[in-house]
1. Helix by helix through the chain, keep the DSSP H runs that span 20 Å or more along the axis on Cα and average at least 0.0 on Kyte-Doolittle, and give those back in order.
2. Grab the Cα-Cα distance for D167 and M145, subtract it from 0.36 nm times how many residues apart they are, and report the gain in nm with one decimal.
3. If you project the alpha carbons of region 1-84 onto their three principal axes, what span does each projection cover, largest first, in Å?
4. Rounded, prolate or oblate for region 28-131? Axes are the square roots of the Cα gyration tensor eigenvalues, ordered a ≥ b ≥ c, and the cut-off for rounded is a/c under 1.5.
5. So what's the net charge close to T98: Lys and Arg +1, Asp and Glu -1, counting the other residues with Cβ under 12 Å from its Cβ?
6. Projecting each Cα onto the charge dipole of the chain (Lys/Arg +1, Asp/Glu -1 at the beta carbon, about the Cα centre), which of F248, P85, L260 comes out farthest on the positive side?
7. If you put +1 on each Lys and Arg Cβ and -1 on each Asp and Glu Cβ, how big is the dipole of the chain around its Cα centre, in Debye rounded to 20?
8. So, counting K/R as plus one and D/E as minus one, what does the shell of residues with Cβ under 15 Å around A142 add up to?
Amino acid sequence: MMGPAHSLSGAAAWLGVGAATAAAGHPMPWPVLVVGALICAGAALAPDLDHKSATISRAFGPLSRGLCEVVDKISYAVYKATRSPRDARRSGGHRTLTHTWLWAVLIGAGSSALAVSFDRWGVLVLLFVHLVLAVEGLLWRAARMSSDVLVWLLGATSAWILAGVLDEPGNGAGWLFTGPGQEYLWLGLPILLGALVHDIGDALTVSGCPILWPLPVKGKRWYPVGPPKAMRFRAGSWVELKVLMPVFMLLGGVGGASALGFI
């Protein structure tokens, strides 16, 4: 899928989690719901670090473009080193390493470790990066018409404000993980969820997605998981733009309203 659809699906997924926790009698504090949805929207773009033309490659100028090139080469090297005889030959690393469940788990765990180890500064870094990505995905038309500096300033300002809100007692710093020193451990969850939602979205497209790597499926290490081919669509097609994106917006709205107790 394209960047905007990925971001919408990420936000909708976290709002759905918020609705589920509220239904279970453990509602999220509203800052956790809002911040988690924004982080998940940004994280849903991150697996495309292996794609030099993806939305994330433009988000941080030369830094993100260079990082995408490096990740593409690393992903391709991992693919070549681990492919089975039945896996297709390919010339690049897109939709390989960063599009797997293992990557999602590692990036989520690493983000939690960063938040816990570096306290406020780790939280600010995670918020800044993912808020910039959320703007690039959710507000992509405005982001492309404005300068990168304005988007970065918006991300930095929003990160500072939201970190301050979360720090207030009862607003979510210690949500879910309540032990001493576990504040903000939960920040890895929307990042993990965003990566998995990205992979599921890509699995719906023509090429499928090797979510299950390194587990072998039908003799392939990089088996492209997806529904029957008749049910798949091309990225950027009318199915994505006219059907899936409105559905994601509707589900996100219902999930958010339910999580906040409005329905």
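The values are calculated or read from the model by the stated rules, or taken from the named source; none is laboratory data. Please read these numbers as outputs of a predicted model, since none were measured by experiment. Please note: Cβ atoms are built from the backbone with ideal geometry, for glycine as well, and neighbour counts cover all protein chains shown. Only protein heavy atoms, including side chains, enter the accessible area calculation; ligands, DNA and RNA are left aside. Shrake-Rupley method; radii C 1.70, N 1.55, O 1.52, S 1.80 Å.
1. Details: long enough: 3-23 (30 Å, 0.79); 62-82 (30 Å, 0.22); 101-138 (28 Å, 1.61); 148-167 (28 Å, 1.52); 188-203 (23 Å, 1.19); 245-259 (21 Å, 1.48).
Result, helices passing both filters: 3-23, 62-82, 101-138, 148-167, 188-203, 245-259.
2. Full-extension gain reported as 4.6 nm.
3. Computed over region 1-84, the largest-to-smallest principal extents equal 47, 35, 19 Å.
4. Numbers: a/c = 2.31, a/b = 1.85, b/c = 1.25.
Cα axes put region 28-131 in the prolate bin.
5. Working: positive: R95; negative: D48, D50, D72, D199, D202.
Net of charged neighbours comes to -4.
6. Of the options given, the answer is P85.
7. Details: 20 positive and 14 negative charges, 285 e Å.
Its charge dipole is roughly 1360 debye.
8. +1
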